[in-house]
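Please treat every number below as a calculation from the coordinates, not as lab data. In this text, all values refer to a predicted model and were calculated from it rather than measured experimentally. Don't worry about glycine lacking a Cβ; one is built from the backbone with ideal geometry, like all the others, and counts go over all protein chains shown.
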Amino acid sequence: MPVIPKVRAGLDAGGTTLKVLGRAGVLRPHSPLALARAGVALKEWGVGPAGGFTAAARLDPHRTAIVDEIGSLTYDEVHRRSNALARALADLGVSSGDGVAVMCRNHRGFVDVSLATAKLGADILYLNTAFAGPQLVEVIERERPRVVVFDEEFAGLLAGADVAERVLAWVDGPTDETTLESLITSYADDDLAPAGRHGRIVILTSGTTGTPKGAPRSEAGVEAAVSLLSRMPLRYGWRTHIAAPLFHTWGFAHLALAMLLGSTMVLRRRFEPEACLALAESERCDSLVVIPVMLQRIMVLPEETLASYDLSRVQVVASSGSALPGDLALDWMDHFGDHLYNIYGSTEVAYASIATPEDLRAAPAAAGKPPYATVVKILDPDGRPLPQGETGRIFVGNGLLFEGYTGGGGKEVVDGLMSTGDVGRFDDDGRLHVEGRDDEMIVSGGENVFPKEVEDCLMRHDRVVEVAAVGVQDAEYGERLRAFVVVDGVITQDELKAHVRDNLARFKVPREIVFIEELPRNATGKVLKRELATD
C-alpha cells in the first residue's frame, strides 16, 4: 500500500526523529563493540522482531526483558531461547514463507514463538483467545499455518482445526504432549544464520461484525515508534505492565516498542482489576498498557480499594482499542493523576490520533490529535474534504497502513489515505472526535443518530456501569435506537430516558432501554453489538 509522499518526505524534517528518540532516552551511550554488533544484527535481520530483539540483546544483554508468573528473563536469555525454538520449529517443517499460528495469553511463550518464527522468515498469525471453535477452524483453514502453538486451556477449541503440527505453550501440569519448554531445552541456542526473507505479522480484526480478517504487516521500522513517542512520553528502560492482550494491535505495539526502549515487560495471563493495581505497585511499573474496558472495571472497585494502591510511580497509562466512554478519563485521572493517554486507530491503519491528559481534561471523549508523520482527514461520501466541525468519514495516511487482507480485499483508499471505517469531526482546537462506525448510524424519523453520543450520555449517569446502543428496525420510524445498560442499584427506564432527554435532542432518546447483567465483549474489550441487535 503506497504511503502518501508528504508523510514519508516529512519524517525527518527538522530532526524530529532524533529529538523524539533523544527525549525518550533511546540515543544513549553504549560501547563501540556493542553498537557495532547491534548494527550488524539490524542489517542482517531487519528492524522487525528478529533484528530488533537480537540488537537489544547485544546492546544490553543483562537487562530484564520479561517478568511473568514463572519468573524473569533477560534480553540475552530471550534471544537464546528464540534461537533454540527456531531450530525446533524448523525441524517441525517450518521454513521461510510458512505460517505459525499462536493462541496464547500474555506470558513468555508468546514472545518465544514470535521471535523464533521471525528468525525463520516465517509469518506469524495471532489468534484471539476469545474466539469460538468454529471461528478458529475457519481462520486456520483460510490461513493454513504449518504449526499452531497454544496454551493448554485452548486445546478443546482447536481440536477441529486441520494443522500439521501442534505445540503446547502454557501447561498447568505434567503432559506427554510437545511443549515449548521441551523444545527450547532440546536444541542449541547459539546464533542462527539470517533468513533470506522477513516474515510478516498477521493480526486478526476483532470480528465484531463478522468473520475475523487477517491484516498482515511488514516491518514498520523506527517511524512507528517515533509516531507514538511524539505524543506519549515513554522512556528507555521503563518497567511496563502490558495488560492489553499481546495478540491485539495495541498489546503487540508495546512488545515491539520493547526492543527499541529496552523495556521490562511485566506480563500476567489474565486481567483482574485489583490484581492489576497490585501488580503495577509491587513491580514498580512506570507505565501501564490497557484497553478501555480494563479501566472501566478498575474504576467500579470500591473507593477504599482504589485508595489503597499507590500508583505514583506510574507516569503513563496508555489506552487503546475502543473509545473511552462517558467521563471515564476524568474519573481515572481524578483518582490516579493526569497520566492517561488515549490512542485511536485500527488494525488496518495503526495509530491515527493520540489524546494527551491535557486533551482529555478539555474533552474527555476526544481521540486527540494526529501524531508525527500522520495525516487525518474528514471526507464526504464522494471523497472530498469537509470543513472543520463537520462530520464525515475518517481517513488516515501514515507509514503503517496494512497491505490488504490475507483473504483478499482491503479498506477504501482515497489519495493515499485509508478509511478507518469510522465517522468523526475535528473541533475548533484540532482534536479529533470519533462519533461511531460509519455503518452504525441510524436514521430515525428522518434524523441521523450516532449510538456513541447516546452511549456517552447514559454513561454519565451515576447508576450506569456499562451501555451499548444499537439500531433496530421500526415500522413507523424506519429505525429506532435500543440501549442496553448495566446498572448499579435501582433505576427505571423512564428515569434514564429523562436523563438523555435533558442532555440531548429529543430524537436521540432511545425508544427502548433494556437492563442486562453484562455486555457481550470479545477479548479486546469491544462490545459484540451483533449479539445485541436482534429483535
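Data table
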quantity	calculated
Range of Cα positions in region 31-199 per principal axis (Å), largest first	53, 33, 27
Charge sum, other residues only, whose C-beta stays under 12 Å from R463's C-beta, Lys/Arg counted +1 and Asp/Glu -1	-3
Gain on full stretching of the segment that runs from S182 to E283 - 0.36 nm per residue minus C-alpha separation	33.5 nm
Kirkwood hydrodynamic radius (C-alpha pairs) into Stokes-Einstein, region 184-334, 10 °C and 1.306 mPa s, D in µm²/s	91 µm²/s
Region 496-522 versus region 277-322: alpha-carbon centroid distance in Å	28 Å
Restricting region 116-211 to GluC sites (Glu not before Pro) in coil, as DSSP defines it, with at most 12 other Cβ within 10 Å	E177
Percent RCO, i.e. relative contact order, over the chain, from Cα pairs under 8 Å lying at least 6 residues apart	12 percent
Span per principal axis, largest first, for the Cα atoms of region 154-252 (Å)	49, 44, 32
Neighbourhood net charge (13 Å Cβ-Cβ; Lys/Arg +1, Asp/Glu -1) for V139	-1
Beta bridge orientation in the chain: antiparallel %, DSSP, nearest 5	55 percent
Filtered trypsin sites (Lys or Arg not before Pro), region 273-351: DSSP coil and at most 14 other beta carbons within 10 Å	R284, R313
Amide H within-cut-off set for G410, under 5 Å, with H built and near neighbours excluded	Y405
Two-decimal log10 I(q)/I(0) for region 138-212, as the Debye equation yields it once each C-alpha is a single scatterer, q = 0.14, 0.22, 0.25, 0.26 Å⁻¹	-0.65, -1.19, -1.26, -1.28
Lys pairs, region 412-535 - Cα-Cα below 15 angstrom, 8 or more residues apart or on other chains	4
Over region 338-418, relative contact order from alpha-carbon pairs under 8 Å, at least 6 apart, %	25 percent
Candidate values (i) 26.3; (ii) 25.1; (iii) 24.1, label of the one derived for Kirkwood radius over Cα pairs in Å	(iii)
Whole-Å semi-axes of the ellipsoid equivalent to region 440-531 (Cα gyration tensor, √5λ, descending)	20, 17, 11
For G421, net neighbour charge (Lys/Arg +1, Asp/Glu -1) across residues whose Cβ lies under 11 Å away	-3
Antiparallel DSSP beta bridges within region 440-531, as percent of all bridges there, nearest 5	80 percent
Neighbour-limited loop hits for GluC sites (Glu not before Pro), region 25-130 (at most 12 other Cβ within 10 Å; DSSP other than H, G, I, E, B)	E69
Extension gain from V472 to A498, taking 0.36 nm per residue of separation minus the Cα-Cα distance	7.3 nm
Segment E512-R197, length gained on full extension (0.36 nm per residue, minus Cα span)	107.9 nm
Antiparallel DSSP beta bridges within region 114-249, as percent of all bridges there, nearest 5	35 percent
